[in-house]
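Chemist: Dropping the structure in here first, questions after.
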Amino acid sequence: MDKLIINSFEEFEKYVGKELGTSDYLQITQEQINKFADATLDHQWIHVDTEKAKTESPYKSTISHGYLNLSVLPYLWNQIIEVHNVKMLVNYGIEKLRFNQAVLAGNEVRLRAKLTSLINLRGIAKAEIKVSLEIKDCKKTALDATVIFLYHFV
């Protein structure tokens, strides 16, 4: 799928209520999980001990940290949309975040995004986007949330 290009608030506004797109799949590797554990000081065995996970985990595998899954959203979001004529973008918040399904080491995930609201706050566009992180070949999503960005158009 081609990346959506937005050049103005008015163009962005035409997508309210519509799906913006879907990213490519990204594989979550054990190496990423280990590095995330090091960065966040969260070395719980379910994430980093592959041998113990094979025998003691209900998943029979290590799983990604929920916040690692969340942290790949900006990378995947940038595959879906490119907003021009913006002097600054602010991550404003996340609402209704739910972790629905574990992402096993080696699983592939992708982002699906829908623009649910766009409000003009005196030249700053407050965009609310419903996002789902889908796991390849799995019916349940890894996570669902509403992310809020502030786009400062020039």
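Chemist: Based solely on its DSSP helices, what 222 nm [θ] is calculated for the chain when runs of n ≥ 4 H residues each add -39,500 (n - 2.57) and the sum is averaged over all residues, nearest 500 deg cm²/dmol? Could the numbers behind the result be given before it?
Modeler: Working: 6 runs with 41 residues, N = 154.
Rounded to the nearest 500, it is -6500 deg cm²/dmol.
Chemist: Right, something else. To the nearest 10 square angstrom, how much accessible area does S23 have with a 1.4 angstrom probe?
Modeler: Around 10 Å² of this residue is reachable by solvent.
Chemist: Run the paramagnetic zone check for K35: 7 angstrom along Cα to Cβ, then residues of the stretch 51-73 with backbone nitrogen under 14 Å.
Modeler: Under 14 Å, as judged by backbone N against the label point of K35, lie 68-69, 71-72 of the stretch 51-73.
Chemist: Could you work out how far helix 30-40 tilts from the main Cα principal axis of the chain, as a 0 to 90 degree angle to the nearest 10?
Modeler: The two axes meet at around 70 degrees.
Chemist: Give me the one-decimal nm value for the distance between modelled label points at K87 and E10, 7 Å along each residue's Cα-to-Cβ direction.
Modeler: With each label point 7 Å from Cα toward Cβ, the separation is 2.1 nm.
Chemist: Using 29 Å as the Cα-Cα cut-off, could you pick out the over-long pairs in K3/K60; K60/K130; K60/K139; K87/K140? Intermediate values should be presented prior to the final figure.
Modeler: Details: K3/K60 37 Å; K60/K130 31 Å; K60/K139 19 Å; K87/K140 37 Å.
Checking Cα-Cα distances, K3/K60; K60/K130; K87/K140 exceed 29 Å.
Chemist: So, by mean Cβ neighbours within 10 angstrom, what's the order for 137-150, 32-45 with the highest one leading? Don't skip to the end; give the middle numbers.
Modeler: Numbers: 137-150: 16.4, 32-45: 13.8.
Highest mean packing first, the order is 137-150, 32-45.
Chemist: Calculate the spin-label point distance for N100 paired with D49, positioning each point 7 Å from the Cα along the beta-carbon direction, and give it in nanometres.
Modeler: Simple spin-label model gives 3.1 nm for this pair.
Chemist: How much of the DSSP beta bridge set in the stretch 70-146 is antiparallel, as a percent to the nearest 5?
Modeler: Values: 20 of 20 bridges.
About 100 percent, rounded to the nearest 5.
Chemist: Could you order peptides 52-61, 69-78 by the average number of other Cβ atoms within 10 Å of their residues, highest first?
Modeler: Values: 52-61: 12.8, 69-78: 17.2.
So the order, starting with the most tightly packed, is 69-78, 52-61.
Chemist: Here's a follow-up. Treat every Asp and Glu Cβ in the chain as -1 and every Lys and Arg Cβ as +1, leave all other atoms uncharged, and give the resulting dipole magnitude about the Cα centre to the nearest 20 debye.
Modeler: On the way: 19 positive and 19 negative charges, 75 e Å.
For the chain, the charge dipole is close to 360 debye.
Chemist: Expressed as a whole percentage, what fraction of the accessible surface of the chain belongs to carbon and sulfur atoms when a 1.4 Å probe is rolled over the protein heavy atoms? Write down the numbers at each step before the final one.
Modeler: Numbers: 4320 of 8740 Å².
Ligands and nucleic acids excluded, carbon and sulfur reach 49 percent.
Chemist: Next question, about the same structure. State, to one decimal in nm, how far the label point of Y67 lies from the label point of T22, with both points 7 Å from Cα in the Cβ direction.
Modeler: 3.0 nm
The values are calculated or read from the model by the stated rules, or taken from the named source; none is laboratory data. Treat the numbers as computed from the prediction; the structure is a model and nothing was measured. A quick note on method: Cβ atoms are made from the backbone with ideal geometry, for glycine too, and the neighbour counts reach across all protein chains shown. Calculation scope for accessible area: heavy atoms of the full protein, side chains included, ligands and nucleic acids excluded. Shrake-Rupley method; radii C 1.70, N 1.55, O 1.52, S 1.80 Å.
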